[in-house]
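One structure is given here, and the rest of the page talks about it.
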Amino acid sequence: MEPEAVAALIRAGLPGAEVTVTGDGAHFEAVVVTDAFDGLTPIKKQRMVMDTVKPQIASGELHALSIKALTPAQAAG
């Protein structure tokens, strides 16, 4: 997979999120910023992002994804 394809999946699952994905085709890092994370625990934020790419992980198409899930306030601060 390409980084932009991963980013598109995350954006589709979390409309309005700011998503940046970097990676080498096997391992990716996503930075996801959205108001939807307000009040959630870090684990719940991670699960929300992982849910957007669950089919690709299950199929092996997406091998590894590291996630930084932030609210806009956290990203600004």
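The values are calculated or read from the model by the stated rules, or taken from the named source; none is laboratory data. All values derive from a computational prediction rather than experimental measurement. A quick note on method: Cβ atoms are made from the backbone with ideal geometry, for glycine too, and the neighbour counts reach across all protein chains shown. Surface accessibility is based on the protein's heavy atoms, side chains included, excluding ligands, DNA and RNA. Shrake-Rupley method; radii C 1.70, N 1.55, O 1.52, S 1.80 Å.
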In order over segment 28-45: 3J(HN,Hα) from phi, Karplus 6.51/-1.76/1.60, θ = phi - 60°, whole Hz, x for each Gly or Pro, gives 10, 10, 10, 10, 10, 10, 7, 5, 4, 7, 4, x, 9, 6, x, 5, 5, 4
Simple spin-label estimate for ASP24/MET50, 7 Å along Cα→Cβ, in nm, reads 2.3 nm
Helix 3-13 sits off the longest principal axis of the Cα atoms of the chain, rounded to the nearest 10 on a 0 to 90 degree scale, by 50 degrees
Other residues with Cβ under 15 Å from the Cβ of VAL19 give, with Lys and Arg +1 and Asp and Glu -1, a net charge of -3
Result for segment 1-40: accessible area per residue, probe 1.4 angstrom, in square angstrom, of 52 Å²
Treating only Lys and Arg (+1) and Asp and Glu (-1) as charged, each at its beta carbon, one finds that the chain has a dipole about its Cα centre, in Debye to the nearest 20, of 300 debye
Expressed in nanometres to one decimal, the distance between label points 7 Å along Cα→Cβ at ALA73 and ALA5 is 3.8 nm
Filtered hits (aspartates and glutamates, Cα-Cα < 12 Å from LYS45, offset >= 8 within chain) -> ASP35
Rounded to two decimals, the Debye log10 I(q)/I(0) of the chain (Cα scatterers, no solvent) at q = 0.14, 0.20, 0.21, 0.24 Å⁻¹ is -0.39, -0.79, -0.86, -1.10
In whole percent, the fraction of accessible protein surface over the chain that belongs to carbon or sulfur atoms, probe radius 1.4 Å, stands at 55 percent
